[in-house]
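Report on the structure given below.
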Amino acid sequence: MKKSLIALAFGTLGLGIAEFVMMGILPDIAKDLHISIATAGHLISAYALGVCVGAPMLIIARRYPLKHILLVLVGIMMIGNLCAALASNYWVLMIARFISGLPHGAYFGVGSIVAEKLADKGRGSEAVSIMIAGMTIANLFGVPLGTALSTMLSWRLTFLLVGCWGIAILYYIWRWVPMVENLPDTGFKGQFRFLKTQAPWLILGATMLGNGGVFCWYSYINPLLTHVSGFRPESITLLMVLAGFGMVVGNLVSGRLSDRFTPGRVAAFTQGSLSILLLLIYFLASISWLSVILMCLCTAGLFALSSPQQVLLIRFSPGGEMLGAASVQVAFNLGNAIGAYCGGLPLQAGLSYRYPALLGTFFALVGFILLVLFSRKYETARQHV
């Protein structure tokens, strides 16, 4: 495995902890800041909004070396998380979460292009999955560690940990990632030309709605496991490790399958499976052992979608590859924000913590339909050419 890809994965590791640790520490933040869990859920949306604002800013930086852009993005990540650790109230924390999200989509956009350029021939999807693996490792070890720190000491230490990790990321990207050839500059308007076709919109719509369905459920996984499945709060850390293990396996398997088959077919099959799994969670979440199995399968599916969707946008955004790759994360985090918000609606109405999964089923089903349409119209057509 190339050291350059590991360095890129270190970056997604930090971003992954910053994004997903909120699901494990929401109750602690809500208690400390004297707000409801549903209100604390808006902090997830603030991060997602930062992603959506930050990704298009790549257009401004398109002429700079890709390695230098990565270093700047890591610096912004450090600042945002250190500000979150020092936040004095809910609104300051909201702003800090927004800043933390700014480099997220842009890093994935630039990192995916660098990973593909560094990959061996015919192994582009696998290289991107290795870069994304940092996100899954974050959920396997980083998020449980952050949740444990929050439970035993303070949620502020979790954000401090991410800020300090940024120093290591800066060093390894500077040391291990080579200078790669810049993408051809197609001008400001040229960056958006790929959006005139239907293909990227189908991918982005599927990413937003499909992932939004999962986040309807996953944003409130902590109270679901404790209030419905019957687990003790002390066991949540171990359960988050199991969820992270599912993400690791799903991401690595889908990367290899996408190189062997087609990314669109792999994504469509995975998205269809997720819609079924979310429905099963609604009906079976009260059965503890089955709830854990379904959780692991869902988290595996969530990250099995990541590398195929990332690769698809790069391939179907000629002239605007950087913006295309970053836009996947915009769609992902818009889905994150929509899912967190919509998932909180039944809770605010006084319904059970099972209902976010039911709502998420419909989002996931629409995402599946969009991916099937894309695969049949574009990937099948390419194979016949």
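The local environment of Ser258, defined by Cβ-Cβ distances under 14 Å, has a net charge of +1 under the rule Lys, Arg +1 and Asp, Glu -1.
Each of Leu279, Leu334 was scored by other Cβ atoms within 10 Å of its Cβ. Arranged with the fewest first, they read Leu279, Leu334. For the peptides 94-101, 193-200, 126-133, residues were scored by their other Cβ atoms within 10 Å and the scores averaged per peptide; the highest-first order is 126-133, 94-101, 193-200. Dividing the helix sum by the residues of the chain, where each DSSP H run of 4 or more adds -39500 (n - 2.57), gives a mean residue ellipticity at 222 nm of -25500 deg cm²/dmol.
Each Lys and Arg Cβ is given +1 and each Asp and Glu Cβ -1; about its Cα centre, the chain then shows a dipole of about 760 debye. For segment 286-385, the alpha-carbon radius of gyration amounts to 1.33 times the rule-of-thumb value 2.2 N^0.38 Å expected for a compact globular protein. Within the listed set Leu149, Leu312, Leu33, the Gaussian network model of the chain (springs between alpha-carbon atoms below 10 Å) gives the highest mean-square fluctuation for Leu33.
Here the Karplus curve 6.51 cos²θ - 1.76 cosθ + 1.60, taken at θ = phi - 60°, turns the phi angles of segment 316-326 into couplings of 10, 9, x, x, x, 4, 5, 5, x, 5, 5 Hz, with x standing for Gly and Pro. A dipole drawn for segment 3-384 from +1 and -1 charges on Cβ atoms has a positive end, and of Cys296, Ala119, Ala267 the residue lying farthest that way is Ala119. Pairs of Cα atoms in segment 70-124 fall into 5 Å distance bins, from 0 up to the last occupied one, in shares of 4, 20, 21, 15, 12, 10, 7, 5, 3, 1, 0 percent.
GNM remark for the chain: springs join alpha carbons under 10 Å apart, and the peak mean-square fluctuation among Val92, Val110, Val328 falls on Val92. Across segment 141-253, Cα-Cα pairs farther apart than 18 Å form 72% of the total. Need one number: nm distance between label points at Arg232 and Ser36, each 7 Å from Cα along Cα→Cβ, rounded to one decimal. Taking the simple label geometry, Arg232 and Ser36 are separated by 3.0 nm.
Between the residues Leu13, Leu347, Trp91, the greatest Cα displacement towards the positive end of the dipole of the chain, with unit charges on the Cβ of Lys, Arg, Asp and Glu, is found for Leu13. When you filter the chymotrypsin sites (Phe, Trp or Tyr not before Pro) in segment 229-281 for DSSP loop state and at most 15 other Cβ atoms inside 10 Å of their Cβ, you are left with Phe261. Under a Gaussian network description of the chain, with springs only between Cα atoms under 10 Å, the residue in Asp259, Asp28, Asp120 that fluctuates furthest is Asp120.
The label point for Lys377 and the one for Leu71, both projected 7 Å from the Cα toward the Cβ, are 4.3 nm apart. When only alpha carbons are used to place a centre, segment 176-234 and segment 18-85 end up 14 Å from one another. If you average the alpha carbon positions of segment 267-314 and of segment 123-142, how far apart do those two centres end up, in angstrom? Their Cα centres are 17 Å away from one another. Sorted on the mean count of surrounding Cβ atoms within 10 Å across their residues, most packed first, peptides 219-226, 160-167 read 219-226, 160-167. Within the chain, the ratio Rg/Rh, alpha carbon atoms throughout and Rh by Kirkwood, equals 0.95.
With 27 Å as the limit on Cα-Cα distance, the pairs of Lys3/Lys121; Lys121/Lys196; Lys3/Lys377 that go past it are Lys121/Lys196; Lys3/Lys377.
Using a simple spin-label model with pseudo-atoms 7 Å out from Cα toward Cβ, Ile95 and Leu195 lie 2.9 nm apart.
One Cα centroid belongs to segment 145-171, the other to segment 315-349; the line between them spans 25 Å.
Every number here is computed from the coordinates shown, using simple stated rules; none is lab data. Every value quoted in this text rests on a predicted model; they were computed, and no experiment measured them. Note: ideal-geometry Cβ built from the backbone for every residue, glycine included; neighbour counts use all protein chains shown.
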